[in-house]
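Data first, discussion second: the structure below is written as structure tokens.
The values are calculated or read from the model by the stated rules, or taken from the named source; none is laboratory data. What you see is a predicted model, and the numbers here were worked out from it, not measured in a lab. Here the Cβ positions follow ideal geometry from the backbone for every residue, glycine too, while neighbour counts run over all protein chains shown.
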Amino acid sequence: MTTKNKVWLMAATVVAALFLVGCATEVKRVGVDEVIDISGAWNDTDSRLVSEEMIRDSLSGGWIDRYNLTLKKAPVVIIGKIRNLSQEHINTNTFVNDLERAFVNSGRVDVVASSSERGDIREERTDMDLNATEATRKEMGKETGADYMLIGSINTIIDAQDKEQVRFYQVDLTLVSLADNRKVWTGQKKLKKDIKNAKFR
Amino acid sequence: MPLTQCPAAFGDRLRRLLAGVLVVLAVVVLPGCATYSIGVAKVELETSNRDLDGALKSLDELKLSGADQLLYHLNKATLLRLQGDYSASTRQFETAKSLIDKLNAISVTEQTGSVVVNDTMKAYEGTAIEQLLISAFEELNYLQSGKLDEAAVEARQFDIRQRLIVAKDPSAVYLSGAFVRYLNGMVYEEVGESDSARIDYQKALAGYQAQSAITGTGAPAALKADLERLENSRHSEATQKSPVHAKQAIRDEGEVVFILHDGLGPTLAENIVHIANPDLQHGTAIMSLAVPSLVQRPVPVARFELNAGAQSAASELVEDVNALARKNLEDRLPAITARAVARMVLKNAVAKNVKNRSGDNGGNLLLSIVTDVSAIVSERADTRNWSLLPGNILMARLSLPQGSHDLAVNYYDRAGNILATRQYAAVTVTAGRKVFVSDYLLVAH
């Protein structure tokens, strides 16, 4: 093979390799704490930052101790509606579930099933009436009533021009007493991002 | 290094390469164009005949990908919406929006391709009208699946999206998204954000007024009534004069909002001009210039009537897609033509160069013919568009007492003949809420 032909062969191999690399699907396992921002939209990192802040703030807020001191038992919380008032379709369940988990695992706050969860549970209880043994059957009307409801909202302010956007997120969570509507705890997390979209692709 | 200063062998190789590229592109691009137009016509026919399963299958068979990927998502989203699969339709619209955001960045390769070969080399990113209407249909998807908060997210998102779309062409006042703003107002009212609703109704009214010179129609009367109601209520709150009986009446009644996708939106045809080159030795034998032209399709329904027992409401035109698309193409045509002229000059220059260097040698003569042919066949207009958009959108709103209602809708043509009647049994109307119902009639059978 002449030197010229070898050069052509090498060039063809490099081009073919480049094409093949472009076609292959690549999957890389990464740590859940690793920050990977792709589009600038709400992502797992935002959710994690919100849940970390809310967990820290809610468990040290003093409302649990005040309740304990007065009633000598753990307060019971039910998860209410977290309204998405932002410009993005955001799944609020991720950080709400984190907070719920922290409440339960702390042993200081009891959590009862939310309105969307209890339908299935009640259905199961009805089913037990017909199908479960007397010894294992669970009665109706023995649910634990909640003391507080967790409600909240996500708001955004977006300023955009040409290829640049500044996105501001504010997540507010509040625990409201079901007895008298008092707000016993409010948590807030603010996030701000400056996003510069590529001019060329 | 300019081509004329290249060593002869390298220059020759480069010319052959350019001609080869043109031929290959012509071979690759042209069959694609033909398949697309034929395939989409089949999808449109099946949709018009209400064979949505068939249309979805035909659309999938088209295998629209690469530069045409957006068209796949937009058309699929429309078909799924017409089929009533609102979640799947929304997923397609969301993919389309992400793709548009991605395509917002300039591709040097595609831009070069559009000047060297034709405009179909560029990835289709949708016209401004199409991009605005994605929000309307996605919002309707959410409204018709009872996801009010999600619809409100879309409404909020539209503010930014429309601003960025209009920023590219600030003089285009008809890009107001008047219909979307009107929908946004209704959505905001549904989620209890009356201030936002009032602002969007105001913007919708201003938008309809701004585009009235193009569409020949003004703002819908129902929109004006909404705006007046909210402004009066704001005034009453400020002056502590609450019209209790009026509020009570609103609380006891709900409203059916009926939306019709009327006819198919415009399609684009190719206008191609071939000019014989007077100087055959210096350029292509025939110079070609191709630009798109708009072909409006008949809109079957002139008006419709929404009936529930003795009560009825007449439709109003809320979006004249045909008129807006025509104006939009007229505005884009100078730039499209400029690119076509640039292509013609470039292809002529390549041909001239090839011919100047070819002698009587048979191989060079063949190369010269190939260059001529490829220059002609590669010149194509970009006739891609979101072809399943409706020609226009009609809306009727009927206030009804809370409860279950049987609805009947009569579609009339321009002569006043009934084209079709649709029945909707047991539509649940909730006091103080709106229920959204939609249908489509694409051709008069």
Checklist entry - Which of the residues belonging to region A:140-155 are away from every other protein chain (no Cβ under 14 Å) and either in contact (Cβ under 8 Å) with a residue 12 or more places away in the chain or assigned to a strand (DSSP E or B) (or both)? => result A:Met140, A:Glu143, A:Thr144, A:Gly145, A:Ala146, A:Asp147, A:Tyr148, A:Met149, A:Leu150
Checklist entry - Scanning for something in a loop (DSSP other than H, G, I, E, B), surrounded by fewer than 20 Cβ atoms within 10 Å (Cβ to Cβ) and free of Cβ contacts under 8 Å to residues at least 60 places away in the same chain, does region B:417-426 turn up at least one residue? => result yes
Checklist entry - Exactly one of (1) within 30 Å of B:Ala167 (Cα to Cα); (2) away from chain B (no Cβ under 14 Å) is unmet by A:Ala113. Its number? => result (1)
Checklist outcome for this item: Subset of region B:86-143, residues surrounded by fewer than 21 Cβ atoms within 10 Å (Cβ to Cβ), more than 14 Å from every other protein chain (Cβ to nearest Cβ) and without any contact (Cβ under 8 Å) to a residue 24 or more places away in the chain, comes to B:Ala88
Checklist entry - Do you know which of the residues in region A:156-176 that are surrounded by fewer than 16 Cβ atoms within 10 Å (Cβ to Cβ) and assigned to a strand (DSSP E or B) is nearest to the other protein chains (Cβ to nearest Cβ)? => result A:Gln161
Checklist entry - Has region A:51-61 got any residue that is within 16 Å of the chain's Cα centre (by Cα) and not in a helix (DSSP H, G or I)? => result no
Checklist entry - Any idea which residue in region A:62-85 is nearest to the other protein chains (Cβ to nearest Cβ), counting only those that are part of a helix (DSSP H, G or I) and of a type outside the set (Asp, Glu)? => result A:Trp63
Checklist entry - If you check B:Glu125 against the conditions, is it assigned to a helix (DSSP H, G or I) and among the acidic types (Asp, Glu)? => result no
Checklist entry - Taking A:Lys183 and the conditions (1) within 14 Å of chain B (Cβ to nearest Cβ); (2) out of contact with any Lys or Arg (no Cβ under 7 Å at 6 or more places or on another chain); (3) of a type outside the set (Gly, Ala, Ser), which numbered condition does it fall short on, given that it satisfies the others? => result (1)
Item to check | Matching residues in region B:348-397 - criterion: being in contact (Cβ under 8 Å) with a residue 12 or more places away in the chain, more than 30 Å from B:Asp439 (Cβ to Cβ) and hydrophobic (A, V, I, L, M, F, W, C) | outcome: B:Ala349, B:Val350, B:Ala351, B:Val354, B:Leu367, B:Val370, B:Val373, B:Ala375, B:Ile376, B:Val377, B:Ala381
Checklist outcome for this item: Restricting region B:308-347 to residues that are polar (S, T, N, Q) and either surrounded by fewer than 18 Cβ atoms within 10 Å (Cβ to Cβ) or free of Cβ contacts under 8 Å to residues at least 60 places away in the same chain (or both), the one farthest from B:Ser176 (Cα to Cα) turns out to be B:Gln311
Checklist entry - Does A:Leu20 satisfy being modelled with pLDDT of 95 or more and farther than 24 Å from A:Val171 by Cβ? => result no
Checklist entry - Limited to region B:275-294, what total is found for residues that are in contact (Cβ under 8 Å) with a residue 40 or more places away in the chain and more than 30 Å from B:Gly126 (Cβ to Cβ)? => result 8
Checklist entry - Mind checking which residues of region A:186-201 are within 14 Å of another protein chain (Cβ to nearest Cβ), in a strand (DSSP E or B) and exposed (fewer than 13 other Cβ atoms within 10 Å of the Cβ)? => result A:Lys196, A:Phe200
Item to check | Residue list for region B:363-404, restricted to those being on the phi > 0 side of the Ramachandran plot and surrounded by 22 or more Cβ atoms within 10 Å (Cβ to Cβ) | outcome: none
Checklist entry - When region B:52-63 is examined, which residues are found to be within 18 Å of B:Ala88 (Cα to Cα) and either surrounded by fewer than 20 Cβ atoms within 10 Å (Cβ to Cβ) or not small (Gly, Ala, Ser) (or both)? => result B:Leu52, B:Asp53, B:Gly54, B:Leu56, B:Lys57, B:Leu59, B:Asp60
Checklist entry - Does A:Thr94 count as in a helix (DSSP H, G or I), away from chain B (no Cβ under 14 Å) and without any contact (Cβ under 8 Å) to a residue 24 or more places away in the chain? => result no
Item to check | Among residues of region B:148-162, those that are within 21 Å of the chain's Cα centre (by Cα) and more than 7 Å from chain A (Cβ to nearest Cβ), counted | outcome: 7
